[in-house]
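Here is the structure we will look at.
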Number of protein chains: 2
Amino acid sequence: MKEITIQQNKVLDCIQEYINKTGFPPTRANICKELGFKSPNSAETHLRALEKKGFINIESGTSRGISLVNPVEIEEDGFPIIGLVAAGSPTLASENIEKTVNCPPTFFGSGFDYFLRVRGLSMKDAGIMEDDLIAVKKTQDIRNGDIVVARIEDEVTVKYFERKSPEVVHLIPANEDFKNIEIDLRETEIHIEGKSVGLIREN
Amino acid sequence: MKEITIQQNKVLDCIQEYINKTGFPPTRANICKELGFKSPNSAETHLRALEKKGFINIESGTSRGISLVNPVEIEEDGFPIIGLVAAGSPTLASENIEKTVNCPPTFFGSGFDYFLRVRGLSMKDAGIMEDDLIAVKKTQDIRNGDIVVARIEDEVTVKYFERKSPEVVHLIPANEDFKNIEIDLRETEIHIEGKSVGLIREN
DNA sequence: AATTATACTGAATATATATACAGTATATTA
DNA sequence: TAATATACTGTATATATATTCAGTATAATT
C-alpha cells in the first residue's frame, strides 16, 4: 500500500466514521461538512487520490459509490493437507503437504493435527466423498465405531474401527461395494494414525 | 420484530446482498433491477413497509439512505450459522443465527455468505448428512446440477437443481427414499436462496 | 525552471435519485 | 360493506449528487 498524506487520512477516517454512523457512505458534500471544506471539489480530489493509491473504490456516476478496500490479511500458517500416500504413512514431511488451510485449531471441537484428502468412495454412506478433507487427530484413544486412519503394511485407509477381540480388528467400509477388512494382529501389523474428528468439502 | 411478508423479505435480503457486494446500499432502481420490478414505486412501497415494521431506517431525501436495523456484522473471519427456519427464508437476522464460525472468507474458493445447518437425509448420497453445515453463497447464478437452497412457499430445502423447461423446475434429492419435487413456476412460487459451495462436518 | 502532487475556493451542469401522484388488482380486516 | 395492507405499473419532477472547469497557492521533484 502506498503512502498517504495527513489530509487524505482524515478523509479516509471520515468515510469510515460516516459509514459506521449511518450505514452508508458519504457524499462529497457530507465530507466537506465533516471536515470543514467549502467546495465539493476538495473532497473530490482527495477521493481520487485515495482511489489512485488503492484505499477506496469509487463507482463512477453512482451516488455514495464509495467503498473501502480492506487490506488483505497476511494468513498465518494453517493446517497441512496431506494426500493419501500410496507407500508409507501420511507423515507431515513437507513433500507430502499439498497446501495449508487457515482455520482455528478449535474448529472441530477438541482439536486436530492435519487434513487428509480422501481417495475413493469406501466411506460414501458415512458422507465421506472423494476429495473430501477429513480432519485427523493423532491419537491412540480409539473406540468402536470411530472413523480411523489406519495403515496396514504400506497401505493407508479410512474406515470404521471395530475391535472384535484382543487379537482381531475389523476395518469396516461405509459402502456395500466394499468388503470388511479383517485383521488378525498376530499375523498382520496395523498402525492407527489417528481418527477423523471432522470434515471439509470444497466444491 | 413484526411479521414480514415473503416479498418484503426478498427486498430485505436484496438490500443486505447489495451492501455486502458493493459496500453501499441500493437505490430504488437497483432493487427493481435485482428483483425484476418495473416501477421504482414497487421498491418504494416495500421499503416503506420495512421501515414501518422496524427492519430498516430510511434517511429522507438522501440517496441510498437505507440502513439495516439489525445488520450482520461482517467480522474479519466469522460466518453465521443459520438453522432451517420453518417460516420464511433463512435470513441473516440475528434471531436466526445459531453461532458464528471463524474461517477465512476464501475458504471455499470464490467466497460464501453463511452456513446452513442441514436437517434430514434427503441429500445423503451427495455426502450431505444430518447436522452438516453447508457453505451457502447467495446467488441467482444457478446451473443444472448445482446443489441449491430453495424456498417453496414457506418451506426451505436443500436439493439438486434441474431446470426442465422455462416453466418447470425439478428439485432432486440424493436419496432414493425421497421423491423429486416437480415445480410448475406458473402455479408455485420458488425462491433460490443460494447454492452450496462447500461443507463442514463437526463430529 | 518546469513539472507534478497536494490542498483548497467557487461556479456550473448533466444526471442520478427520492418521492409524489394516478392507476389496477387481490386479500384481509373491521 | 368499507377500510386497510399488499403488490404492482407508469409518469413526472424537484433535488441530491457526481463531476468537470476555472482559478489560487505551496511544496516537492525532475
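Observations on the structure shown:
- Scanning the range B:134-146 for residues that are surrounded by fewer than 22 Cβ atoms within 10 Å (Cβ to Cβ) and not hydroxyl-bearing (Ser, Thr, Tyr) gives B:Lys137, B:Lys138, B:Gln140, B:Asp141, B:Ile142, B:Arg143, B:Asn144, B:Gly145, B:Asp146.
- Filtered residues of the range B:43-62 (kept if open to solvent by 40 Å² or more (accessible area, probe 1.4 Å), at negative phi and either of a type in the set (A, V, I, L, M, F, W, C) or within 11 Å of DNA strand D (Cβ to nearest atom) (or both)): B:Glu44, B:Thr45, B:Arg48, B:Glu51, B:Lys52, B:Lys53, B:Glu59, B:Ser60
- If you filter the range B:8-62 down to residues that are more than 27 Å from B:Asp141 (Cβ to Cβ) and among the acidic types (Asp, Glu), you find that the one that is nearest to the other protein chains (Cβ to nearest Cβ) is B:Glu59.
- Residues of the range A:138-161 that are within 14 Å of chain B (Cβ to nearest Cβ) and within 10 Å of A:Glu193 (Cβ to Cβ): A:Thr139, A:Val148, A:Val149, A:Val158.
- B:Ala150 meets all of the listed conditions (1) outside any loop (DSSP other than H, G, I, E, B); (2) at pLDDT 90 or above but one, namely (2).
- Hits in the range B:173-188 (condition: open to solvent by 40 Å² or more (accessible area, probe 1.4 Å) and assigned to a strand (DSSP E or B)): B:Ile181, B:Glu182
- Test: residue in the range B:66-85 that is at pLDDT 90 or above, within 16 Å of DNA strand C (Cβ to nearest atom) and farther than 20 Å from B:Thr5 by Cβ: yes
- Selection count, the range B:1-56, where residues are under 17 Å from the mean Cα position of the chain (by Cα) and within 10 Å of DNA strand C (Cβ to nearest atom): 1
- Scanning the range B:112-122 for residues being in contact with an Asp or Glu (Cβ under 9 Å, 6 or more places away or on another chain) and either at the interface with chain A (Cβ under 10 Å from one of its Cβ atoms) or outside any strand (DSSP E or B) (or both) gives a total of 6.
- The residues listed here are A:Phe37, A:Phe24; of these, the one that is open to solvent by less than 60 Å² (accessible area, probe 1.4 Å), farther than 27 Å from B:Ile15 by Cα, more than 7 Å from DNA strand D (Cβ to nearest atom) and not in a helix (DSSP H, G or I) is A:Phe37.
The values are calculated or read from the model by the stated rules, or taken from the named source; none is laboratory data. Remember, predicted model here, so these are calculated numbers, not experimental data. Neighbour counts run over all protein chains shown; Cβ positions are idealised from the backbone, glycine included. The protein model used for the area step is the full one, side chains on, heavy atoms only, and it has no ligands, DNA or RNA in it. Shrake-Rupley method; radii C 1.70, N 1.55, O 1.52, S 1.80 Å.
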